[in-house]
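The values are calculated or read from the model by the stated rules, or taken from the named source; none is laboratory data. If you're wondering where the values come from, they're calculated on a predicted model, not measured in any experiment. Note that each Cβ is placed from the backbone with ideal geometry, even for glycine, and that neighbours are counted across all protein chains shown. Ligands, DNA and RNA are excluded from the accessible area calculation, which covers all protein heavy atoms including side chains. Shrake-Rupley method; radii C 1.70, N 1.55, O 1.52, S 1.80 Å.
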Amino acid sequence: MVDDNRVRVVIAEDSVLLREGLTRLLTDRGHDVVAGVGDGDALVKTVGELAAAGTLPDVVVADVRMPPTHTDEGVRAAVQLRRDHPGIGVLVLSQYVEERYATELLAGSSRGVGYLLKDRVAEVREFVDAVVRVAGGGTALDPEVVAQLLGRSRKQDVLVRLTPREREVLGLMAEGRTNSAIAKQLVVSEGAVEKHVSNIFQKLGLSPSDGDHRRVLAVLTYLNS
């Protein structure tokens, strides 16, 4: 970043009008939109070229559905960018909540990731704040996305069941840390962390049948508390 507030952004949106609109929103507030593309392949290529030139953007804002099939090109590109360039923030925009894509995006780490509904762009300040937060390694999840992933019937006071240490472990999980990294941070064994994580899953009502999504759901519970 150039300073504490200014971020460098790449926008991926096949609608030229929306792409130009997003560009205007961000540039009017002092941010740099360094590139705008219309499909997932172009997004991956452009970010790769910027990285090779030593000018990796702080954050990518991408539509979930882009050409040629208008299904999941945007989110697949976002997942690949998070894998190829771990330091980049990714904020995806969707017309409506698509649970599978949100879960896939969050599966690796919740750091520097966002998933907003396009209606949220109308709340200009909220949208720009989300871009800046994700660029800085934070998380920006649309309340509707959180509600659907967690299930609307899930009680919001569920975290009171956790011990202070378990809440601490869950907080570090929300920062995208692995069990090994959490163990080093807390100066405990990795086995102890695994036990805490298992207890967290149990107390949050996340069964083994939820598979790898349990970690994502646990983090979402924490972020929504």
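Observations on the model:
- Selected residue (only one of T46, T55, T69 is assigned by the TED database to the domain that holds R29, out of contact with any Ser or Thr (no Cβ under 9 Å at 6 or more places or on another chain), over 16 Å from R8 (Cα atoms) and of a type in the set (S, T, Y)): T69
- Meets criteria (at pLDDT below 85 and either crowded, with 17+ Cβ neighbours inside 10 Å or in contact with a helix residue (DSSP H, G or I) (Cβ under 7 Å, 6 or more places away or on another chain) (or both)) for V146: yes
- Counting only residues that are surrounded by fewer than 15 Cβ atoms within 10 Å (Cβ to Cβ) and of a type in the set (S, T, Y), the stretch 28-66 holds 1 of them.
- Applying the condition of being surrounded by fewer than 17 Cβ atoms within 10 Å (Cβ to Cβ) and on the phi > 0 side of the Ramachandran plot to the stretch 169-209 and asking which residue is modelled with the highest pLDDT yields V187.
- Among the residues making up the stretch 1-27, those that are of a type in the set (A, V, I, L, M, F, W, C) and open to solvent by 50 Å² or more (accessible area, probe 1.4 Å) are M1, V2, V16, L17, L18.
- Number of positions in the stretch 103-140 that are touching a residue at least 12 places away in the same chain (Cβ under 8 Å) and either open to solvent by less than 30 Å² (accessible area, probe 1.4 Å) or over 28 Å from R214 (Cβ atoms) (or both): 24
- Taken together, the residues in the stretch 80-102 that are farther than 22 Å from R120 by Cα and open to solvent by 30 Å² or more (accessible area, probe 1.4 Å) amount to 7.
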